[in-house]
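Enquirer: Just passing along the structure, written as structure tokens.
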Amino acid sequence: MFAVLTISGICYGQDNKPAINHVAICVHDLKRSVAFYSDVIELTKIPNPFHDTVHQWFSIGPGAALHVIQADCPAVAHDINNHLSFNVASLEDFMKHLDKFNIKYGNWAGDNKKTQLRADGVIQIYFQDPDGYWIEVNNAK
């Protein structure tokens, strides 16, 4: 067991083990990516300490952020094994939400609008953001 220190709403484990702080992705068009992560994924924007036009930060959980950075990213094919994962209360409702945005989603094999059943009973889907990064959304509690 370890002690926990809370300062300004941020929780720090005092056992000095690493904890997730942020994930950064490189995008070609910040405006398009911000719209995707705001409107499609429905992430909440958080203050950008750089106060510039090439970064946007989003909350992805307690004390964790997604940093979306516009740059001259190399054009690469992203592998589904490397993905961000989010859970939602209702996967069915979220799939309907994706349908409104004409976002193609499916199971691990790429079967359109099919879900994937994980060995532990969690149901999941996969889709890609505008730069091809893979995203999993599941119904895990």
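Enquirer: Given the options 34, 27, 54, name the one that is of a type in the set (A, V, I, L, M, F, W, C) and in contact (Cβ under 8 Å) with a residue 40 or more places away in the chain.
Expert: 27
Enquirer: Do we have residue 66 as surrounded by 15 or more Cβ atoms within 10 Å (Cβ to Cβ), more than 17 Å from residue 132 (Cβ to Cβ) and among the aliphatic types (A, V, I, L, M) here?
Expert: no
Enquirer: Also, quick follow-up: Consider only pairs whose beta carbons are under 7 Å apart and that are at least six residues apart or on different chains; among these, list those whose first residue lies in the stretch 113-140 and is buried (at least 16 other Cβ atoms within 10 Å of the Cβ) and at pLDDT 95 or above and whose second residue is in a loop (DSSP other than H, G, I, E, B) and of a type in the set (Ser, Thr, Tyr).
Expert: Listed by first residue and then by second, the contacts come to 124/115; 125/105; 125/115; 126/105; 127/105.
Enquirer: Let me ask another. Would you mind telling me which numbered condition in (1) small (Gly, Ala, Ser); (2) modelled with pLDDT under 95; (3) more than 21 Å from residue 127 (Cα to Cα) residue 71 fails?
Expert: With respect to (1) small (Gly, Ala, Ser); (2) modelled with pLDDT under 95; (3) more than 21 Å from residue 127 (Cα to Cα), residue 71 is out only on (2).
Enquirer: Might you let me know whether the stretch 31-46 holds any residue that is surrounded by fewer than 14 Cβ atoms within 10 Å (Cβ to Cβ) and more than 17 Å from the chain's Cα centre (by Cα)?
Expert: No, because not a single residue in the stretch 31-46 is surrounded by fewer than 14 Cβ atoms within 10 Å (Cβ to Cβ) and more than 17 Å from the chain's Cα centre (by Cα).
Enquirer: Got at least one residue in the stretch 131-138 being in contact with a strand residue (DSSP E or B) (Cβ under 7 Å, 6 or more places away or on another chain) and in a loop (DSSP other than H, G, I, E, B)?
Expert: Among the residues of the stretch 131-138, at least one is in contact with a strand residue (DSSP E or B) (Cβ under 7 Å, 6 or more places away or on another chain) and in a loop (DSSP other than H, G, I, E, B), which makes the answer yes.
Enquirer: List pairs: first in the stretch 88-106 and more than 15 Å from residue 41 (Cβ to Cβ), second of a type outside the set (A, V, I, L, M, F, W, C) and assigned to a loop (DSSP other than H, G, I, E, B), Cβ under 7 Å, 6+ apart or cross-chain?
Expert: If the second residue must be of a type outside the set (A, V, I, L, M, F, W, C) and assigned to a loop (DSSP other than H, G, I, E, B), the pairs left are 106/113; 106/114.
The values are calculated or read from the model by the stated rules, or taken from the named source; none is laboratory data. What you see is a predicted model, and the numbers here were worked out from it, not measured in a lab. Here Cβ is always computed from backbone atoms with ideal geometry, including for glycine, and neighbour counts include all displayed protein chains.
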